[in-house]
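The values are calculated or read from the model by the stated rules, or taken from the named source; none is laboratory data. Everything quoted here is computed from the prediction, not taken from an experiment. Here the Cβ positions follow ideal geometry from the backbone for every residue, glycine too, while neighbour counts run over all protein chains shown.
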Amino acid sequence: IPLGTALTYRQLNCDDPETEQAALAAVDYINSHMLQGYKHTLNQIDKVKVWPRRPMGEVFELEIDTLETTCHVLDPTPLANCSVRQLVEHAVEGDCDFQVLKQDGQFSVLFAKCDSSPDSAEDVRRLCPGCPLLAPLNDTKVVHAVDVALTAFNAQSNGSYFRLLEVSRAQLVPLPPSTYVEFAVAATDCAAKDVTDPAKCNLLAEKQYGFCKATLTEKVGGEDVAVTCTVFQTQPLLPQPQPEGPDAVAVDPRADPAVPVPSQADVPVASLVVGPVV
Amino acid sequence: TVVQPGIAVVPDPALRPCPGRIRYFKV
């Protein structure tokens, strides 16, 4: 490095429009690479440094906080139309480090690292003592509720048989005793009415995803299930853009306890590996 | 004379630009 050309970063306000543009590019990157769980939205920009980049451009080194929305990542609803998950619903936040390159007025992500975590039980209880907390996704009641709900949905369906992709979140409600679950599904090449062996059904080449919300209520001598599924338009599987830098890492959805690692057989490989991991 | 190459930053102590505003709520 020639003497006299010390590397200096530009100090920018966290709420500067240029910083915000870089942060929004980062959030867009998160949502386009997370193929499990929920879309996240920008909550706060914690830190920013803008480094000159040779031979041209600038690199925005960002620390940002995000919040989980109610839109599943497979839901094509634009982020702007997605609601933030409220504290009483047991909110989930993301802490992210990014390096975003600005070159010729365009932002592109060089490096991304995010961890997500649910709000503390104490915080939820302080605001809403009776509100249900997030439940472990492998809880037997949760697994049972998803199974019953998906079976009920397929039984009512005149179209494709839908297979479970992931359980996205769950809450055990004390009164009335019930289990609330949200889960993602995908259409198969079987007709729901004709399925005898679901294991023989394959996901469609042109993926069709759905997102379901269900409540299983325990009753004396049985249980009631209410399930609503939204089926999205078919989505051709496109190659995902990869980070440009050698140090780029994938956003790891497994960091979020509310987002399970999916069944390996059910999810396309592209949704399990979203980028080089260092 | 040995000069330490590296970062030369002179932040304005009066400037407190970060963190930025909270858009929703703090978790």
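Return yes when A:T151 is free of Cβ contacts under 8 Å to residues at least 24 places away in the same chain and within 14 Å of A:A226 (Cα to Cα) and no when it is not.
Details: free of Cβ contacts under 8 Å to residues at least 24 places away in the same chain: yes; within 14 Å of A:A226 (Cα to Cα): yes.
It is true that A:T151 is free of Cβ contacts under 8 Å to residues at least 24 places away in the same chain and within 14 Å of A:A226 (Cα to Cα).
Filter the range A:110-131 for residues that are in contact with a strand residue (DSSP E or B) (Cβ under 6 Å, 6 or more places away or on another chain), under 19 Å from A:E68 (Cβ atoms) and surrounded by 17 or more Cβ atoms within 10 Å (Cβ to Cβ) and give the result. Spell out the reasoning first.
So the first thing to find is which residues in the range A:110-131 are in contact with a strand residue (DSSP E or B) (Cβ under 6 Å, 6 or more places away or on another chain), and the list is A:110-116, A:118.
Checking the rest, the ones that are also under 19 Å from A:E68 (Cβ atoms) come to A:112-116, A:118.
Within the range A:110-131, A:A112, A:K113, A:C114, A:S116, A:P118 qualify.
Farther than 14 Å from A:T41 by Cα, within 14 Å of chain B (Cβ to nearest Cβ) and hydrophobic (A, V, I, L, M, F, W, C): is that true of A:V88 in this structure? Before the answer, list the steps.
Numbers: farther than 14 Å from A:T41 by Cα: yes; within 14 Å of chain B (Cβ to nearest Cβ): yes; hydrophobic (A, V, I, L, M, F, W, C): yes.
Yes; evaluated as a whole, the condition is true for this residue.
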| When residues of the range A:153-166 are limited to those that are surrounded by 16 or more Cβ atoms within 10 Å (Cβ to Cβ) and not polar (S, T, N, Q), the one nearest to the chain's Cα centre (by Cα) | A:E166
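Name the residues in the range A:6-32 that are at pLDDT below 95 and more than 9 Å from every other protein chain (Cβ to nearest Cβ), would you? Explain how you work it out, then say what you get.
Within the range A:6-32, the first condition is being at pLDDT below 95, and the residues that meet it are A:6-12.
Result: A:R10, single match.
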| message | Conditions first: (1) within 10 Å of chain B (Cβ to nearest Cβ); (2) surrounded by fewer than 16 Cβ atoms within 10 Å (Cβ to Cβ); (3) β-branched (V, I, T); (4) under 23 Å from the mean Cα position of the chain (by Cα). A:I64 passes all but one, so which condition is the exception? | response | (2)
| Taking the range A:33-58 on its own, how many of its residues are more than 12 Å from every other protein chain (Cβ to nearest Cβ), buried (at least 21 other Cβ atoms within 10 Å of the Cβ) and part of a strand (DSSP E or B)? | 2
| Residue match in the range A:160-171 (condition: of a type in the set (G, A, S) and either touching a residue at least 60 places away in the same chain (Cβ under 8 Å) or under 27 Å from A:D189 (Cα atoms) (or both)) | yes
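Just to check your reading of the model, which residue among A:L101, A:L74 is outside any strand (DSSP E or B) and in contact with a Phe, Trp or Tyr (Cβ under 8 Å, 6 or more places away or on another chain)? Show your work before the answer.
Working: A:L101 fails: outside any strand (DSSP E or B).
Of A:L101, A:L74, the one residue that is outside any strand (DSSP E or B) and in contact with a Phe, Trp or Tyr (Cβ under 8 Å, 6 or more places away or on another chain) is A:L74.
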| request: Could you please let me know if A:L3 is assigned to a loop (DSSP other than H, G, I, E, B), modelled with pLDDT under 95, in contact with a helix residue (DSSP H, G or I) (Cβ under 9 Å, 6 or more places away or on another chain) and within 13 Å of chain B (Cβ to nearest Cβ)? | output: no
